[in-house]
Amino acid sequence: MSHENVNPVPLQRKYFTPGVIVLVIIALNGLVFLMGRFFFGLGAVTNLNNQYPWGLWIGVDVAAGVALAAGGFTTAALGHVMHREEYHAIVRPALLTAMLGYTFVAMGVFVDIGRWYFIWHPLIMWNGSSALFEVGICVMIYMTVLYIEFLPVVAERFIGKVHLPGFLSGLNKVVDKILRLIDTGLAKTMFIFIIAGVVLSTLHQSSLGTLMVIAGPKMHPLWQTPILPLLFLLSAISVGFPMVIFESLIASRSLGLKPEMHILSKLGSMIAPLLGVYLAFKLGDMFIRETFVYLKEVNTESVMFTIELLFGVIIPLRMFLSPKVLKSPLFLFIASALVVFGVLLNRINNFVVAYTPPYSTQSYFPSFGEISVTIGFAAILILVYRFIVLNFPVISLPGEQTAQPTKYTIKGAKK
Amino acid sequence: MSGKSRRDFLKTSALVGAGVAGFSSAVQAAPKNILSEDRMGVLVDTTVCVGCRNCEWACRNAHGLEAGNVESYEDRTILKTKRRPDIKSLTVVNEYPAGKNAALPVDVKVQCMHCDHPACVSACIVGAFSKEENGTVIWDTDKCIGCRYCMAACPFQVPAFEYNKAINPLIMKCDFCFNRTKEGKLPACVSICPVEALTYGVRSDLVKIARDRIRRNPERYVDHIFGEYEVGGTSWMYLSNKDFSELDFPKLKTNPAPGVSESIQHGIFAYFVPPVSLYALLGGIMWITKHRKEIEEEENV
């Protein structure tokens, strides 16, 4: 067995580049508006009102954030559950983006809810019939699972290299011992968390779709369907690999690495069938409920629906079927970016565009403050990602193997 | 297993069991959602209402909101704009052009409908909403996290939120004067109404009264009690002399407001069978693929 692909190392790069400084400015701008929200209330920063209780933050930061972090559970299922070891090089970067993605989803929820200091209430105040309750609980547990899955990376970085400053240096040996204990303990039990992660993801990815079912006739019929949970799950599964490809190609470009085309092309070849299944259900639903009649009139809803389906699903589906696209980093990037865009737009459509309150006097468009916070969060996420890949063994370089790639195996299978 | 370790095991399990039991009694798994036979309701006869807006004044007074003096409500220019209940007024009256066989305009009082199957009770993430035995839909402000899912769920667009408060913003809506009815008093709006446009009573009786009025005055009413069947029935019901869609009532079907969302939710979590099965299935696949890989490797050696 060869593991030449799996060699995660902290990358030796300077942290600050002109691009990074631009991101810092975008992040600071977002933080300014965030302070406005915490000092003066939601109304001071957002365009939300009694007609439109949910806007950009729920649509993008939360709903799209969860969907675009699907790379974590899809690659875990592929690499660890199905034991496709050739993909192990991308599991860690995907895990990192999922972990950061969910962290920012939690932060998105935190800033959007009016009484943020009660965010822990769902832990002890339950409502089994609420889809939002299920999403909340699953996201909380899954985020914990993601952090546990990432612990071995931290352990690997510091084992044998614990150098605490000053008077804490006496604890060096103890900390080292704890890290080793965590590492060996997790190596034996990690399969429990990996499977739990996949199960939790399928649960809350679909329940995120159930959320808007209760809005009933307030949601445009092009999107309102009882199979919303299934559509959300299928679209999350089909956006997982495109998101991994999208991030991997951006990361190798920005970090000056050779794109890992041998893995990404193979990953790309699996996307078309997944997108195909999603498209089949989406079109099937449209024909069974005969909602295509709404496409005859030209309005925001019909235009957005068409863009979502055409550019987000049909065109990339056709592209992923072409061997030429799979071999070219540029075309692979475009096709993946289109799927990512499609799912992002789908979540915005479901939560914002499709929502038509019965007594609406004006339509909702996010305020400058809302947009600032959303892109500010995205910028901070990228900055943290960059910090972690420069300091922890996440991204693999071709060369000597340093990590044990298949240590998360199910108990009972002989070593 | 030696006797001692077995005893330890039993002790630990008992402790864990007690812990779980204590925990589950501390948490409430589902909000109160009672559909009593004797639930109360209000019948609003829009053909009787004169649009004096005294109910708005009484409601504000009863809920500690700024009400002003009652004379200021005689100004009818405000009826020119269509208003919705909000954080300053939990009920409002809107005016519409006259309907069939009538000379006077139609005035419609708007407030929470207190659904029989409330979407807000089903949706609330912390189960803060409850449907009480007397039909009232109220909510526990101490539980609320301000997520505003109740607002997204409500088919009548009723709950309002204090967007401009940084600390302790509240969800606000009509609470059917729960604190007054508990003491045997009438809801503030019902008790002040000078023309008896509002009838407070057991919901099933109100349906009979409404049917009776329609039967005896077919030229006065359209043959429709809004709220009798809409979204599975509401505690507040309306009579009118014109089609309810012309009075800005939403067009709603008769299935309960939470719709299929509860069935989906309970289907996915039926006794935790689906998630546990999925877990077992993935575990099985993981074991098999690992096993197969090992056999391949052994053959290759």
Total formal charge among the other residues, if their Cβ is under 13 angstrom from that of A:Pro229, Lys/Arg +1 and Asp/Glu -1: -3
With an 8 Å cut-off on Cα pairs and a minimum separation of 6 or more residues, tell me the relative contact order of segment B:29-257 in percent. 29 percent
Residue-normalised 222 nm signal for the protein assembly as shown, counting each DSSP H run of n ≥ 4 as -39,500 (n - 2.57), nearest 500 deg cm²/dmol, is -16000 deg cm²/dmol
Potential extension, A:Phe40-A:Val20 segment - 0.36 nm per residue separation minus Cα distance: 4.2 nm
Give the average, rounded to an integer, of partner chain Cβ atoms located within 10 angstrom of each Cβ in B:63-76. 0
At least 24 Å along the helix axis (C-alpha) and Kyte average at least 1.6, DSSP helices within chain A: A:18-40, A:228-255, A:329-348, A:368-391
Can you tell which of A:Gln205, A:Gln12, A:Gln51 shows the greatest fluctuation in a Gaussian network model of chain A with Cα springs below 10 Å? A:Gln12
Scan chain B and report its longest stretch carrying no GluC sites (Glu not before Pro) that are both in a DSSP loop and have at most 16 other Cβ atoms within 10 Å. B:229-301
Between segment B:173-221 and segment A:349-391, what is the separation of their alpha carbon centroids in Å? 45 Å
In Å and on Cα atoms, what radius of gyration and Dmax does chain A show? 22.0, 73
Under 22 Å from A:Lys258, Cα to Cα: lysines that are on another chain or at least 8 residues apart: A:Lys14, A:Lys266, A:Lys324, A:Lys327
Once you have the alpha carbon radius of gyration of segment A:61-130, what is it after dividing by 2.2 N^0.38 Å, with N set to its residue count? 1.41
Compute the acute angle (0 to 90°) between the alpha-carbon long axis of helix B:3-26 and the principal axis of greatest extent of the alpha-carbon atoms of chain B; round to the nearest 10°. 10 degrees
Least to most buried among A:Leu100, A:Leu332, by other C-beta atoms within 10 Å and fewest first, runs A:Leu100, A:Leu332
The distance between the Cα centres of segment A:272-336 and segment A:149-202, in whole Å, is 42 Å
Bins of 10 Å from zero: percent of alpha-carbon pairs in segment B:75-121: 22, 41, 26, 11, 0
If you fit an axis through the alpha-carbon atoms of helix B:273-300 and take the longest principal axis of the Cα set of chain B, what angle between them do you get, 0 to 90°, nearest 10? 30 degrees
Rounded to two decimals, what is Rg over Rh for the protein assembly as shown when you use alpha-carbon atoms and the Kirkwood radius? 1.03
Cα axis of helix B:203-216 to longest principal axis of chain B: angle in degrees, 0 to 90, nearest 10? 40 degrees
Calculate the all-directions average of the projected area of segment A:143-302's alpha-carbon convex hull, and give it in nm². 15.2 nm²
Between B:Ile138 and residues 5 or more places away or on another chain, the pairs with built amide H atoms under 5 Å apart involve B:Ser130, B:Glu132
Karplus ³J(HN,Hα) for segment A:66-80 (6.51 cos²θ - 1.76 cosθ + 1.60, θ = phi - 60°; Hz, whole; x = Gly/Pro) runs 5, 5, 6, 8, 5, x, x, 7, 5, 6, 5, 5, 6, x, 9
By the mean-Cβ-within-10 Å protection proxy, highest first, A:263-272, A:60-69 rank as A:60-69, A:263-272
Find the relative contact order for chain A and round it to a whole percent, using C-alpha pairs within less than 8 Å whose residues are 6+ positions apart. 36 percent
Report the antiparallel proportion of the DSSP beta bridges in the protein assembly as shown as a percent, rounded to a multiple of 5. 75 percent
Mind checking the log10 I(q)/I(0) for segment B:29-257 at q = 0.15, 0.16, 0.17 Å⁻¹? Debye, one equal scatterer per Cα, no solvent, two decimals. -1.03, -1.18, -1.34
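FYI, it's all coordinate maths here, none of it is from the lab. Everything numeric here is computed off the predicted structure, so don't read it as measured data. Virtual Cβ from ideal backbone geometry, glycine too; neighbours counted across all protein chains shown.
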